[in-house]
Amino acid sequence: MLDFIKSGGFFIWPLLLCSIIAMAIIIERFWALRRNRVAPRNLLSEILGMLREDRLTVEKIRNLQSEIGLGSIFAAGLLNSKHGRNVMKESVQEAASHAIHELEKFMNTLGTIAAIAPLLGLLGTVVGMIKVFSVLMSEGAGNTALLAGGISEALLTTAAGLGVAIPALIFHRFFSRRIDELVVTMEQQATKLVEVIHGDRDAKTGVKH
């Protein structure tokens, strides 16, 4: 591995940095975008159950407010439910915007790495080939060691650039899809909560009136 880095020339170092950042983001996003953390399946039924039994205290709502995702959206709606449907809906939308922003955290960075890594690899390839032609011009084709070094640098940076970009692009698409699914789920659940509280939907059956 160390020989690979040494042989890759200058541009292997920014590619190595990109790979470390991308790996850290991928691990963090896997942890942060867990469905049971962002949008627990039974959260709405639990909230409605506590409302029916009059067990939903301000303290419990504040605990929901500190959560990421659906919990914070529900808390915003519940805290403003007494101010009318429109106010409750606006507070839910505002909390949802903040939750979506948190879900998309680091996604731009991952997408940027997926875009620039091949370009860095290509730049390293161009520099390596320039070295090869410089050797050919100054010393002819006899200095095979220098020629091999330039060609090796060119090929290694290309391989490294693609090796960083491909996983980054795959996981960027994967996480983008997961975020879209979570956003749809949160919107549906938040809409149901608003409709139940304001009498447009039955709390037990989930059927609209």
How much solvent-accessible surface does Asp180 expose, in Å² to the nearest 10, with a 1.4 Å probe and all protein chains in place? 90
Rounded to the nearest 10 Å², the accessible area of Phe30 at probe 1.4 Å: 80
Once both labels are modelled 7 Å past Cα along the beta-carbon direction, what's the Ala159-Ile68 spacing in nm? 3.6
Report, in debye and to the nearest 20, how large the dipole of the stretch 84-141 comes out about its Cα centre when Lys and Arg carry +1 and Asp and Glu carry -1 on their Cβ. 60
29 Å Cα cut-off, lysine pairs counted over the stretch 44-185 (separation 8 or more, or different chains): 4
For Ser138 the rounded accessible area (nearest 10 Å², probe 1.4 Å, non-protein molecules ignored) is 90
Quick one: ranking Ile21, Ile27 by accessible area, 1.4 Å probe, largest first, what do you get? Ile27, Ile21
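The values are calculated or read from the model by the stated rules, or taken from the named source; none is laboratory data. Since the model is a prediction, treat every value here as computed from it, not as a measurement. Cβ atoms come from the backbone with ideal geometry, glycine included; neighbour counts cover every protein chain shown. With ligands, DNA and RNA removed, areas are computed over all heavy atoms of the protein, side chains included. Shrake-Rupley method; radii C 1.70, N 1.55, O 1.52, S 1.80 Å.
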